[in-house]
Amino acid sequence: MRQMRDIRLHVRDCTHYDRQTMTMRWTAALVVVALAAGGCRLKDDSKASGIPAPPDVAAPPADAHKTASGLAYKILTVGLGSIHPARTATVKVHYTGWTTDGKMFESSYGSKPLEGKVSEVVPGWSEMLQLMVVGEKVRVWIPAELAYGNNPQGGQPAGMLVFEMELLDIG
């Protein structure tokens, strides 16, 4: 009987050791995969300019869609939905914004997406959001009169603004 008890203890110890070893191996493997995929990076404060501007940031290309208000946009990723948010809807959006000289002034990437009502953003954003469906990503050129204007207050960027917007959810 004593030999049987000793064998059980030995098996239990081996099982614990194997679980611990396997946990460490899986953790190491996940770290390697994350690093290889570029998902884990050290913070680099030397990149003051942020996300690089798209090559067509200065002006909308000839093949961009245009609305009657002067908004121009290109669909970068086609959404799978068919429902467009109403002005009163709450949406969740990832975005990056640049001035036409290529300076990034704001981005939600690297933090939480923007959540808010379609009616509570600048008119150009509101118009664009109502044209989008969930999953869609666009690049939009918003004229000054549909953004913050040519002489905005409070440090907002002036003139035409360029955004990449990705509609994540409609609430």
Practice problem: Take the alpha-carbon centre of segment 156-170, take the same for segment 104-141, and report the distance between them in whole Å. | Solution: 5
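Give, as a single signed number, the net charge of other residues whose beta carbon lies under 15 Å from the beta carbon of His94, with Lys and Arg counted +1 and Asp and Glu -1. Walk me through the numbers before you get to the answer.
Values: positive: Lys92, Lys112, Lys137, Arg139; negative: Glu106, Glu115, Glu136, Glu164, Glu166, Asp169.
Value of the local net charge: -2.
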Exercise. Multiply the residue separation of Asp169 and Ile51 by 0.36 nm, subtract the distance between their alpha-carbon atoms, and state the gained length in nm to one decimal.
Key: 40.2 nm
Quiz item: Across bins of 5 angstrom width beginning at 0, how are the C-alpha pair distances of segment 99-171 distributed, in whole percent?
Solution: 3, 15, 25, 28, 19, 8, 2
Quiz item: Once you sort the root eigenvalues of the Cα gyration tensor of segment 46-167 as a ≥ b ≥ c, which label holds: rounded (a/c under 1.5), prolate (a/b larger than b/c) or oblate (the other case)?
Solution: rounded
Quiz item: What residues from segment 119-134 fall in the zone where the backbone N is under 19 Å from a label point 7 Å along the Cα-to-C-beta line of Leu80?
Solution: 132-134
Practice problem: With a point put 7 Å past each Cα toward its Cβ, work out how far Ala58 is from Asn150 in nm, to one decimal. | Solution: 2.0
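State to the nearest 20 debye the size of the charge dipole of segment 44-171 about its Cα centre, where the only charges are +1 on K and R beta carbons and -1 on D and E beta carbons.
Details: 10 positive and 14 negative charges, 34 e Å.
Here segment 44-171 has a charge dipole of around 160 debye.
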Quiz item: In the neighborhood of Pro54, defined by Cβ-to-Cβ distances under 11 Å, what is the net charge if each Lys or Arg adds +1 and each Asp or Glu adds -1?
Solution: 0
Self-check item: Estimated dipole of segment 84-129 in Debye, rounded to 20 [Cβ of Lys and Arg +1, of Asp and Glu -1, Cα centre]
Solution: 140
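What is the gain in length, in nm to one decimal, between Arg87 and Lys66 on full extension, counting 0.36 nm per residue of separation less the C-alpha to C-alpha distance?
Values: separation 21, 0.36 × 21 = 7.56 nm, distance 1.99 nm.
The span from Arg87 to Lys66 would gain 5.6 nm if fully extended.
Values in this text are rule-based calculations from the coordinates and carry no lab data. Computed from a predicted structure; not experimentally measured. Methodologically, a virtual Cβ is constructed for each residue, glycine included, from the backbone with ideal geometry; neighbour enumeration extends over all protein chains shown.
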